[in-house]
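Structure, as structure tokens:
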Amino acid sequence: MDLDERELILEAQKGDGPAFEELVHRYDRKVLKLAVSYTNDEEDAKDVYQEVFIRVFRALPGFRFESRFSTWLYRIVVNVCLSHKSRAQNREHESLDVDDDGHEGRSFDPVSNDLPSDQKALSSEISRHVRAALEGLSPQQRVVFTLRHYEGYKLKEIAILMNCAEGTVKKYLFTATERLRHRLRPVFQ
Amino acid sequence: MRHQKFKEWIPLLAYDELDEDQKYTLNQHLAVCPECREHLEELKEIQQAAGSAGEPSETLLQQARRELRTGLRQKQQPPQHNWLADWNWSWLVPSFRTVAVGALCLTAGLGVGHFVYRQPPAGDDNIITTRPVTSGLPASPGNISVGNIRFIDADASDGNVEFTYEATAPMRVRGSVNDPLVQDVLSQALTGAQNPGVRLRAVSVLNTDQLKQPDADVRQALITALKMDENNGVRKQALAALQNFPFDIEIRDALLFVLNNDPNPAMRIAAIDAVRTERYRDPEVLRVLEEKMHTDGNEYIRYRSRAVLQEAKQQ
């Protein structure tokens, strides 16, 4: 950890708002990217992002520099992802967050006149199946797949973030890829 | 080595997680095992189809940061941390800050002053000195709920204690939409209520041509909601309501803000329609439309911007 970051953390721990803000800005783009990869939905990603930094805000006074700040932060990200329930999952319990077009704060495009080409349509169809298959994974399998495939973490690093053995992470990756393979086989045939 | 073990290694090979010896051993097996080769090929197809993760858009990042600020403000417990007091509030749109602070003060004033302490307290402004009573709290009619009690002096050995508490009470209001109290409450609900359904109903009520004498706070609350509310319906109603107001530069800027930043294409289209009218046409509007004509990610919005600009040139 560089001195600059250590000082920032110490200042933020004392309640310095701008220091906390600077810390957030150092890492939040990467956190949001991971959240988008994991949830595959921008609204859900914003929920994950917010939950992560609210937890960081609350827990920062207890951070004792026993690990790198980034490791500590991404552990929080992983924990939030593991416990995250998507808005789609929560939707059935909500009745009021609906606008007069029947949408729920989610982006939508009412215009359908920019039709994609056949190639784009095929690619889009495959992407849709991949997204659906990813949503069928358990949270642990999905976190491992997201961190390894989309974020490029090595399995050893993922094990540290998930606080488990590397062998366990390998099993999650294996079961994730097996499920994806079985689910997507008809799409590729 | 068993076939099953090689199968377990295949994803590790695909993700470059095997050491050199393991790679060599697995490749020996793949040379003689069509099933494992097919397995590996399928996995490579999945890797390709899953693609790679792009960077989140700047708009999404800014939205996330904005919502984080709101979230932190709502979650913060004042006695434990004072960070939000030091937070860089210049991040926030000044108008929102004004409304938020105003709403907070007014809520406290209405909740405590108007409904609870109907008689002005005697003595120090911040300390309510109680009189002997026979039942209940002196300033607590039955329908008031008391919460968040904090003791300043819990030592009752001298017969006295001191504490603060928050009191809330339901209230029923019936009156004209032009009544300042009605407008104040609806403005607060529009910018302060956590429940999007409440915000939606408040903005729907304000979107009426019966509103003849709109308070400046109402207008400000509508602008804030238009720019910052996370619910599409609330933003849409706020935009419609603002069109009943006399045009000014702040409303123009709010509409252009929507055109530049709102993630919902329907809102951006509504903003174009709003700035399309004669009174809204000015160089800044034309400049933004010119930009949107080339840069907006939505084809219809690019088309619409071009059409409105052409209309402007013909007139």
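The values are calculated or read from the model by the stated rules, or taken from the named source; none is laboratory data. In this text, all values refer to a predicted model and were calculated from it rather than measured experimentally. Glycine also receives a Cβ, built like all others from the backbone with ideal geometry; neighbour counts cover every protein chain displayed. Calculation scope for accessible area: heavy atoms of the full protein, side chains included, ligands and nucleic acids excluded. Shrake-Rupley method; radii C 1.70, N 1.55, O 1.52, S 1.80 Å.
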ask   = Given the structure, is residue B:219 closer than 23 Å to residue B:70 by Cα and within 11 Å of another protein chain (Cβ to nearest Cβ)?
value = no
query = Which residues, taken from the stretch B:1-14, are open to solvent by less than 60 Å² (accessible area, probe 1.4 Å) and either of a type in the set (Val, Ile, Thr) or touching a residue at least 24 places away in the same chain (Cβ under 8 Å) (or both)?
reply = B:6, B:7, B:10, B:11, B:13, B:14
inquiry  = Restricting to the stretch B:16-34, name every residue that is within 14 Å of chain A (Cβ to nearest Cβ), surrounded by 10 or more Cβ atoms within 10 Å (Cβ to Cβ) and out of contact with any helix residue (DSSP H, G or I) (no Cβ under 6 Å at 6 or more places or on another chain).
reply    = B:22
Those residues of the stretch B:36-72 which are within 7 Å of chain A (Cβ to nearest Cβ) and open to solvent by less than 20 Å² (accessible area, probe 1.4 Å), in sequence order = B:43, B:46, B:50, B:56, B:60, B:61, B:63, B:64, B:68, B:71, B:72
query = of a type in the set (D, E, K, R), within 28 Å of residue B:208 (Cβ to Cβ) and away from chain A (no Cβ under 14 Å) - does that describe any residue in the stretch B:235-250?
reply = yes
inquiry  = Please go through the stretch A:144-189 and give me each residue that is closer than 15 Å to residue B:50 by Cβ, open to solvent by less than 10 Å² (accessible area, probe 1.4 Å) and within 17 Å of the chain's Cα centre (by Cα), ordered by number.
reply    = A:144, A:145, A:146, A:147, A:173, A:176
ask   = Do any residues in the stretch A:171-189 that are more than 12 Å from residue A:130 (Cβ to Cβ) have Cβ atoms under 6 Å from those of residues that are open to solvent by 60 Å² or more (accessible area, probe 1.4 Å), where the two are at least six apart or on different chains, and which pairs are they?
value = A:172/A:140; A:174/B:8
query = With respect to residue B:85, is the statement that it is assigned to a helix (DSSP H, G or I), at the interface with another protein chain (Cβ under 10 Å from one of its Cβ atoms), farther than 28 Å from residue A:33 by Cβ and at pLDDT below 90 true?
reply = yes
task = Select from the stretch A:29-65 the residues that are within 7 Å of chain B (Cβ to nearest Cβ) and in contact with a Phe, Trp or Tyr (Cβ under 8 Å, 6 or more places away or on another chain) and write down the one among them that is surrounded by the fewest Cβ atoms within 10 Å (Cβ to Cβ).
result = A:57
task = Tell me, please, whether a residue that is at pLDDT below 85 and away from chain B (no Cβ under 13 Å) can be found in the stretch A:120-134.
result = yes
message = Checking residue B:203 against (1) out of contact with any Leu (no Cβ under 9 Å at 6 or more places or on another chain); (2) in a helix (DSSP H, G or I): exactly one of these is not met. Which one?
response = (1)
query = Which residue, of A:21, A:66, A:11, A:7, is within 21 Å of residue B:66 (Cβ to Cβ) and out of contact with any Cys (no Cβ under 7 Å at 6 or more places or on another chain)?
reply = A:21
ask   = Residue check: is residue A:12 open to solvent by less than 40 Å² (accessible area, probe 1.4 Å), over 20 Å from residue A:134 (Cβ atoms), within 14 Å of chain B (Cβ to nearest Cβ) and aliphatic (A, V, I, L, M)?
value = yes
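Here is a yes/no grid of residues against (1) closer than 18 Å to residue B:228 by Cα; (2) outside any loop (DSSP other than H, G, I, E, B); (3) within 14 Å of chain A (Cβ to nearest Cβ):
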position	(1), (2), (3)
B:256	yes, yes, no
B:260	yes, yes, no
B:263	yes, no, yes
B:273	no, yes, yes
B:285	no, yes, no
B:289	no, yes, no
B:294	no, yes, no
